[in-house]
Each structure stands twice: as C-alpha cells, then as structure tokens.
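Q: To start, I am sharing the structure in question, which I have written as structure tokens.
Values quoted throughout were computed directly from the atomic coordinates according to the rules given, and no laboratory measurement underlies them. Predicted model, so just to flag it, every value in this text is computed and none were measured. With ideal geometry, Cβ positions are generated from the backbone for all residues, glycine too; neighbour counts draw on all protein chains shown.
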Amino acid sequence: MTTDTTPTPKDLVQREYEAGFVTDIDSVTLPPGLSESIVRRISAINSEPDWLTEWRLDAFRRWSAMKEPRWAHVKFPPIDYQAISYFSAPKGDKPKSLDEVDPELLRTYEKLGIPLHEQKALAGVEEDPEQSPVAVDAVFDSVSITTTFKGTLREHGVVFCSISEAVRTHPELVKKYMGSVVPKSDNFYAALNSAVFSDGTFVYVPEGVRCPMELLTYFRINAANTGQFERTLIIADKGSYVSYLEGCTAPMRDENQLHAAVVELIALDDAKIKYSTVQNWYPGDESGEGGIYNFVTKRGSCRGARSHISWTQVETGSAITWKYPSVLLRGDGSKGEFYSVALTNNFQQADTGTKMTHIGRNTTSTIVSKGISAGQSSNAYRGLVRMNPGAKNARNHTQCDSLLIGSKCAAHTFPYIESRRQDAVVEHEATTTKVSDDQLFLCRQRGIAPEKAVSMIVNGFCREVFRELPMEFAVEASKLLEVSLEGAVG
Amino acid sequence: MSLLDISRLVVSVDDKEILKGLDLQVNPGEVHAIMGPNGSGKSTLTNALAGRDGYTIKHGQALFDSTDLTELEPEERSHAGLFLAFQYPVEIPGVTNMEFLKTSVDSHREIKGLQELTAVEFMRNLRNLAKRLELNPDFLKRGVNESFSGGEKKRNEILQMLCLNPRLALLDETDSGLDIDALQIVAKGINEFRTSTNAVVLVTHYQRLLNYITPDFVHVLIEGRIAKSGDATLALELETKGYGWLNGS
C-alpha cells in the first residue's frame, strides 16, 4: 500500500509569482551611486524649492554618518549603496491625462489588475454598482504615472496626489508635516529615504470630511539595479476619516533590489486613518536568489484627542522584510491598532512587528500578529509597547500567533514591554502551532486536496486580520496566500 | 457484489503488525458492528481503509466497489464514497464549520462535474441537517471542532456524514464520550442515513449503541483477526461474557 501519498515539499515548491514580468519601456535612469550631486540632481529633476533641496542634503549628511542597523533577525550580505541607482523614470514629460500615458505602461497596470480608468473596479472584485470605486495613484519606479478620481475627490476637498505635486500645490502642509513623525535621522534607511526620496502619495482630508472612496497607491519597481524610495504622507484633519490601501509588485530579477520607503500618518482630533497594505514584492526564487529588500519605516502619530490610527498589513513578498508600522499615541483617548499577517516561504526572511508608544492619557492599543513560516524561511515578530509616565490608564492587548508548515522553518517572537506606570494594563498572549498531519488528514478524508486544505487552514489562522481589510483587499490577500503557499505542503 | 471486500488483510503501524489477515465483506444495505478489546486493531482497520499515513497494508487487499483502495489517495477515497467519522476529531481554528463543509461538498461536486452549490442552497440544506442533530445554528459559524464539547464533536462528525451522503460510513467509536441524550441523537442520525444502497461499519466498545442501531452482523476482532461473527445477539452475549472466552487461550 502506498502510504507516502502526501506530496513532498520539493514536488510542490514551485511558487508562481504572477507579477514577475518586466515592462519594456525607455527610461531615464541616473547612474548608480550616491553623493551630494546625485541628491541635487534628484531635487532638480523634480523642480523642487530650495528648502526641500536643503532638507534632502541635510538628510544625506546625516545618513553618511550613520551605520546600517544589524539588530534585526535577518541575514544578508553587505549592500553596496554606490552600486544602486537612485532615480529611474519612464522617458518623456509627465502625462497630463491618461491618453498621454504610454500604452505599454497602461498594459502593465492592466496585467496587474489595477484600474487606471475611472469606470473600472479592481480586478478580482465583482462589479457592484453599490460599491464605490477606488481612486488610484500609480507609482512606476521613481515617479507617479497618474492619479485617478482627482476631480471627485476635489469636490470633497480631499487632496490625493503624488508627493512631488503636493510640494508644488500644498507646500505649507508638506513643510509642516513631512519629517514630523519620522525625523530625517530616525534610522539609517529613513535617512537614506529622506535624502533621495522619489514619488509617493500625499493625502490631505479636511476637517469633518469622510473620504468618499478608498484611496490606493500601487507601487511598481520595474528598472533593474534601481531602488525605490517613495515617501507617503497622509494627514487627516479634525473629525475626518480616510481608508488608504497600498499594493506593490516587482519583476523577477536575479539580484536583490532595495526598497526603503517612509510613510508618515498624522491624525488630528477625532480623526481616523485606516492604512492597509498588501505587500507582494518579488520574494526571490525557491533557492533564495533575488528578491526585494523591503526596509521600510512606517509610523503614525495620533496627535489629536480621540484620534485613531489602524495599520493592517499582509506581507507575502520580499526576500527580506524589515518593517514596524507604529503609532505614537499622543492625544488623550487615542487609539492605535496593528493587524498583521506575515507569510514567509522558501528562503524569505521577515522581521516585522510594531511599536505602540503611549504618551497621552486613556490611550489604548491592540496588536494582532499572525506569522506563517513555510519552507526554510524565518519569521520574527518584534514589538515594543511603551507606557510613558504621562500615559494614565493606558491599555494594550497583544496577541501574537505563529503557524509553522513543515519542519525546516522558524518562528521567533521578540516582545518588549516598557512600562513607567503602575496603572498601565499590558496583556500579551502568544501561541505557536503547526499545520498538523491530523488536520490535513481530516480535510483529505472529506475530499479536500492537500494544497486547498493548507490554504484553508492558513486562511482560518489569519481570519482576525483579514476581516480588518477592505473587501477589495481581502479577496486579493486570500488569493495571494494561496499562491505563496503553493508547495508548502509536506 | 460487495461494496467493501477485504481479504487476508495485513496492516502494520511503525513496523508492528496490527491486523494479521482480516476478512470482511460488507454489502449495500448492511450495518456491521466491529467490537473487540483495546488494541485488537479496530481503529487500525478504519484508518488503513481511509488511507491515513503510517498505516501500511503489507499483504492482502481491500476492494471498495471493486477498486483496490491502495490505488487511491485519501481524498479520492472520499470522492468514491468512503467516509470515516473520527474517534478524536481534530480542531481547525478560524475555519468555520460551514466553510469547511462547503469546501468539502464542493470538492465532491467538482469531481462529479457538478457546479458549486450557491451559498443559499448549501445553507438551507445544512441548517436542516443541523436541526435533525439538534445542533444550534450558531454551531455552524464556529471554527471546526474549536472548543466543542465531546458530544458536539461527535455530532459534528455525523453532520459531515449526512452532508456528504457517502456509500460507506466507517464510524470509529462515535458513541464514546456521549451522554445518553447525545447517544440517541447520534443513533437517530445514523438510522436516518441508512438506505438499501449504502452501508455502515460501526466500531464500538459497548453494546449500548447497538440498543439504538440494530446491526445485521457483529464481528469480534481479537489480535488482528476476526475471532467470531454473528448477528445482533452476539453483542448481547459479549456484554455478559466479555471477550476472554474467544481468546482460545
């Protein structure tokens, strides 16, 4: 009798990365290397005002004196920062309307299922007249190609544009808030980003406005040997609400590519920002060749009373993920949330988590982290909950679960708690489980094929996080997990 | 022709022979009860038939509807109509019972070339079945076996059986851990499942289940072989005399 009927991991580790194609397009790319003159050139290409050029140069000088952090639970060979190109953009002037966009670029987004025509919904989402459309900012390498639904949003007073455009149209807001949450010298990668940042998204929601649609920025790295250093700034004024989504993909290339973004969120009194990410950067092949280094600084500041910032992330891509979307809870009664699913397969490494810093009174934070490791990957949760002396009656609840698939992967949990208050309530729960042979056999006995069974079990494990995602993304996230897990059965 | 035809079956677990030449024929419309002391190989039989890893058929054969079971993957055995109600149902946290059952039913329909059921059709049927087993509708929204009581887990196995409507149901100690009320509900579910075209193999330690389900045959499994077969009265005899007199030693 054949009892070894379960396919071996090797049979099935043939993960398909559907977004791995290259767009053949003429680009203007700066030569590799980083110096003051490169920083000045990037600033000049964007026709930036002097204050911003100086801002970048200051960041560059600070960065030059800094060292790469090495505390994360990841391993990689030294990065040669002089071998990377810091700017690449499709040739020609920035298109004024969609008709002027290179058809090759339009096809790229069509293939990725990202609608640049305003009447279309995200691919994979059933057309539903009740469902409001999604406004898209499409960032290709270092520049924003187009932003949709600007007119509709303008009627509501919502500003949704690329950050380079915001520097021209809303300099006072950019000047006031950029770097106010993540200072230039916050960390090595944030300093690098501050020096060379290219396009990213700027959002401003005025007082009392509920943004009428989901806002999506889709980041695409296309050029080889090029890093992407986008910068995103979202400001929700008093009593406003915005839900923002972020997606990202890159071609399959043999060499590692660096992605070092900075995202800053500011929520004023009674405002709420919901920020959702589905990160699907190229993870490298099954032997660990290639893939994106995703070294990102994301931080939100609950500046106003009763403000609320919620991060939801589904991380399936990248060779290495180094990312801690955090919240500074300054306003009294403010609320921070972090919901995360991080899946690693093959040789992927993830060190991800969050920091919740309680500063104001009656502040609350919730952390739900789900790590899934398959293949020979390594998955670490790293979290810091800090209760400052002024944070009267602060509360945190952390739940941190790890799921292992197979016997060669690893899961680590590094929770840090620093409390300076007697009345703080900090709860931490952690579990580690395996997809068991018994669970798989139950599914198969009921007629469910092994791959389907594993993806169902993993989806169940992630349920608490997925239900935080907007519908458009929940569908995509669930599908992505299925693809990313292909071959993980053993 | 027999639905299940087992001849001279030898099964080992961890290189230890547990079944040592077992013969059994089950025809459509029949209920067989398999009894026997602990360690006699009852669960080994059902697990080997369902294709669980680690249960190796060394000799002999098991034909299900004339197909050699060893040629089928566990999920293919399920598609062919073989169902195993587990002795210790495992939890799948976060996967709701209804989602699990729909995925299961749809997998079966796909093999038959049928379309997936709509959620509405599926739920209507499922709610009816749950009601027959006196399960609260909320039960369907909970994770599979997640913090279920022992009785709920067993009733859930019967619910899955009714949903999939198999041709052969292997029930591995479905009666253990049930209080008398739950036992009657489970027995009712099994009796309603019976038709002239399907068959049931009940593995049980106790006669008490057989007060509610009358078997056509009772087999006593001792040290990997069927030591004695008879009709329902054999179970009563075992109840008073135990297994010792069948050991031959």
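Q: Taking θ as phi - 60°, what are the ³J(HN,Hα) couplings along segment A:164-177 by the Karplus curve (6.51, -1.76, 1.60), each to the nearest whole Hz, with x for Gly and Pro?
A: Couplings: 5, 5, 5, 4, 7, 8, 10, x, 5, 6, 5, 4, 6, 9 Hz.
Q: HN-Hα J couplings of segment A:314-321 from phi, Karplus 6.51/-1.76/1.60, θ = phi - 60°, integer Hz, Gly and Pro as x?
A: These are the phi-based 3J(HN,Hα) values: 10, 10, 10, x, 6, 6, 10, 10 Hz.
Q: Could you give the alpha-carbon Rg of segment A:161-200 over 2.2 N^0.38 Å, rounded to two decimals?
A: 1.18
Q: Note the per residue figure in Å³ for the convex hull of the C-alpha positions in segment B:1-54.
A: Output value, Cα hull per residue: 79 Å³.
Q: Name the residues whose placed amide hydrogens come within less than 5 Å of the amide hydrogen of A:S318, ignoring near sequence neighbours (fewer than 5 apart) on the same chain.
A: A:W281, A:Y282, A:I292
Q: Using the alpha-carbon atoms, what tilt in degrees (0 to 90, nearest 10) does helix B:150-164 show relative to the longest principal axis of chain B?
A: The angle comes out at about 80 degrees.
Q: Tilt of helix B:97-111 relative to the longest C-alpha principal axis of chain B, in degrees (0 to 90, nearest 10)?
A: Helix B:97-111 sits at roughly 80 degrees to that axis.
Q: Got a sec? Charge dipole of the protein assembly as shown, +1 on Cβ for Lys and Arg, -1 for Asp and Glu; which of A:L106, A:M356, A:V278 is way out at the positive end?
A: Comparing the listed Cα positions along the dipole, A:M356 ranks first.
Q: Within 10 Å of each Cβ of A:462-470, how many other protein chain Cβ atoms are there on average?
A: Working: counts 1, 6, 1, 0, 1, 0, 0, 0, 0.
That works out to 1 on average.
Q: Under the definition of partner shielding as Cβ atoms of other protein chains within 10 Å of a residue Cβ, what is the mean value for peptide B:52-62?
A: Shielding by partners across B:52-62 averages 3.
Q: A further question follows. Just the Cα atoms of segment A:311-395: what Rg and Dmax do they give in Å?
A: 14.6, 45
Q: Sticking with this one: Under the rule of at least 5 residues apart or a separate chain, name every residue whose amide H is placed under 5 Å from the amide H of A:K434.
A: Result for A:K434 returns A:L404.
Q: May I pose another question? Can you bin every Cα-Cα distance in segment B:54-211 into 10 Å intervals starting at zero and give me the percent of pairs per bin, rounded to whole numbers?
A: 10, 37, 37, 14, 1
Q: So, one more: Calculate, for B:D65 and A:T431, the FRET efficiency according to 1/(1 + (r/R0)^6) with r their C-beta to C-beta distance and R0 41 Å; round to the nearest 0.05. Working shown, then result.
A: On the way: r = 43 Å, r/R0 = 1.05.
Efficiency at R0 = 41 Å is approximately 0.45.
Q: Ok, one more. Cα axis of helix B:232-241 to longest principal axis of chain B: angle in degrees, 0 to 90, nearest 10?
A: With rounding to tens, the tilt is 60 degrees.
Q: Let me ask you something else. What order, most packed first, do the peptides A:299-306, B:20-27, B:178-185, A:337-344 have when packing is the mean number of other Cβ atoms within 10 Å of each residue?
A: The peptides rank, most packed first, as A:337-344, A:299-306, B:20-27, B:178-185.
Q: Quick one: work out the % antiparallel among DSSP beta bridges in chain B, nearest 5.
A: Of those bridges, close to 60 percent are antiparallel.
Q: Give, rounded to the nearest 20 debye, the magnitude of the charge dipole that chain B has about its Cα centre when Lys and Arg contribute +1 at Cβ and Asp and Glu contribute -1 at Cβ.
A: My answer is approximately 400 debye.
Q: Now for a different question. Tell me the relative contact order for chain A as a rounded percent, counting alpha carbon contacts under 8 Å between residues six or more apart.
A: RCO, chain A: 12 percent.
Q: Okay, moving on. What does the helix-only formula give at 222 nm for chain B: each DSSP H stretch with n ≥ 4 adding -39500 (n - 2.57), the total divided by the residues, and the result rounded to the nearest 500 deg cm²/dmol?
A: Working: 7 runs with 84 residues, N = 249.
My calculation for chain B gives -10500 deg cm²/dmol from helical runs alone.
Q: Convex hull over the Cα atoms of segment A:400-471, averaged projected area in nm²?
A: That works out to 7.5 nm², a quarter of the Cα hull's surface.
Q: Related question: So what is the orientation-averaged projected area of chain A, using the convex hull of its C-alpha atoms, in nm²?
A: Taking a quarter of the hull surface, the average projection is 22.9 nm².
Q: Here's a follow-up. Quick one: dipole size for the protein assembly as shown, taken about the Cα centre, charges +1 on Lys/Arg Cβ and -1 on Asp/Glu Cβ, in debye to the nearest 20.
A: Working: 79 positive and 97 negative charges, 457 e Å.
Dipole about the Cα centre, nearest 20: 2200 debye.
Q: Right, next: Taking the convex hull of the Cα atoms, report for segment B:10-93 its projected area averaged over all directions, in nm².
A: Orientation-averaged projected area of the Cα hull: 6.6 nm².
Q: Next question. I want to make sure I understand the PRE zone here: with the label point 7 angstrom from the Cα of B:E121 toward its beta carbon, which residues in segment B:149-171 have backbone N atoms less than 19 Å away?
A: Correct set: B:162-166.
Q: Given +1 on the Cβ of Lys and Arg, -1 on the Cβ of Asp and Glu, and no further charges, what dipole in debye does segment A:20-323 carry about its Cα centre, rounded to the nearest 20?
A: Working: 32 positive and 41 negative charges, 240 e Å.
Around 1160 debye, computed over segment A:20-323.
Q: Still on this structure: Largest first and in whole Å, give the semi-axes of segment A:255-376's equivalent ellipsoid, each being the square root of 5 times a Cα gyration tensor eigenvalue. Provide the component values of the computation, followed by the final result.
A: On the way: eigenvalues 195, 34, 17 Å².
After scaling each eigenvalue by five and taking roots: 31, 13, 9 Å.
Q: Take every DSSP beta bridge whose two residues both sit in the protein assembly as shown, then give the antiparallel share in percent to the nearest 5.
A: Here the share of antiparallel DSSP bridges comes out near 20 percent.
Q: What distance in nm separates the simple spin-label points at B:T240 and B:D181, each placed 7 Å from Cα in the Cβ direction?
A: 3.4
Q: Could you give each residue of segment B:46-51 its phi-based ³J(HN,Hα) in whole Hz, using Karplus coefficients 6.51, -1.76, 1.60 with θ = phi - 60°, and x for Gly or Pro?
A: For segment B:46-51, the Karplus curve yields 5, 5, 5, 5, 7, x Hz.
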